[in-house]
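For reference, the structure discussed in these notes is given below.
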Ligand code: ATP
């Protein structure tokens, strides 16, 4: 079984590529989904976060008060580091666990790990290939502004806080060019799937 890590910058089209892969019935391990699930009431990571940041970050119904936690960590870099050390470790562990379940079942020739922070968290070591969804910055800017209904200034700020696409390209085994229409992206995915499964 081949394990593919799918990544890309903000609004590059990872979710879009992931959706196409799902249409081809390829199993997806979704890092963003894991990140949301692991802080649900009763989960170990939520207890760890509560132990560090206190009861104020828990809502009355036991769920995580994201707004409150956001206020704490975005004004304090050390606290953000601490939070990331909990969440990133838990996400990586869960991804490894799920990938191993697929590996042991050996039902699928290929699975995808969809992880926006694949390279930042050095998860390229966990996968056989890195697929990067890449767009030019002007396309990225326009799609981000339109999708999130934000100004050019805010969109640029968000893009600039991330590792650049050029930097990400250094680690990519496959670059999926998403500057053109959806069918162009679909075609490239289909070709790559053919290659890895042949
Ligand atoms: P994020 O990391 O911010 O969640 P993402 O990489 O998952 O973003 P998407 O949400 O898939 O990116 O795509 C960003 C926006 O661009 C969406 O509104 C999507 O519909 C649109 N989009 C993606 N690919 C194309 C394309 N080839 N043509 C036109 N629009 C596209």
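The values are calculated or read from the model by the stated rules, or taken from the named source; none is laboratory data. Values in this document were obtained by computation on a predicted structure and should not be read as measured data. Glycine also receives a Cβ, built like all others from the backbone with ideal geometry; neighbour counts cover every protein chain displayed.
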| message | For segment 1-10, give me the residue count where each residue is surrounded by 24 or more Cβ atoms within 10 Å (Cβ to Cβ) and either more than 7 Å from the ligand (Cβ to nearest atom) or free of Cβ contacts under 8 Å to residues at least 40 places away in the same chain (or both). | response | 3
| query | Of the numbered conditions (1) in a helix (DSSP H, G or I); (2) buried (at least 17 other Cβ atoms within 10 Å of the Cβ), residue 119 satisfies every one except a single condition; which is it? | reply | (1)
| said: So if I check each of 95, 101, which one is in contact with a strand residue (DSSP E or B) (Cβ under 8 Å, 6 or more places away or on another chain), closer than 28 Å to residue 27 by Cβ and modelled with pLDDT of 95 or more? | reply: 95
| request: Pull up segment 162-187, narrow it to residues that are loosely packed, with under 13 Cβ neighbours inside 10 Å, away from the ligand (no atom under 12 Å from the Cβ) and part of a loop (DSSP other than H, G, I, E, B), then point me to the one that is modelled with the highest pLDDT. | output: 170
| query | So which pairs qualify, if the first residue must be in segment 11-29 and more than 17 Å from residue 194 (Cα to Cα) and assigned to a loop (DSSP other than H, G, I, E, B), the second must be more than 10 Å from the ligand (Cβ to nearest atom) and modelled with pLDDT of 95 or more, the Cβ gap must be under 7 Å, and the two must be at least 6 apart or on different chains? | reply | 12/134
| field | Members of segment 30-70 found to be part of a loop (DSSP other than H, G, I, E, B), farther than 29 Å from residue 7 by Cα and touching a helix residue (DSSP H, G or I) at 6+ places or on another chain (Cβ under 7 Å), listed by number | value | none
| Residues of segment 14-41 that turn out to be near the ligand (Cβ under 10 Å from one of its atoms) and either under 11 Å from the mean Cα position of the chain (by Cα) or closer than 15 Å to residue 99 by Cβ (or both), as a count | 4
| task | Output yes when any residue across segment 83-105 is assigned to a loop (DSSP other than H, G, I, E, B), under 19 Å from residue 132 (Cα atoms) and in contact with a helix residue (DSSP H, G or I) (Cβ under 8 Å, 6 or more places away or on another chain), and no when none is. | result | no
| request: With respect to residue 118, determine if the residue is under 17 Å from the mean Cα position of the chain (by Cα) and touching a residue at least 60 places away in the same chain (Cβ under 8 Å). | output: yes
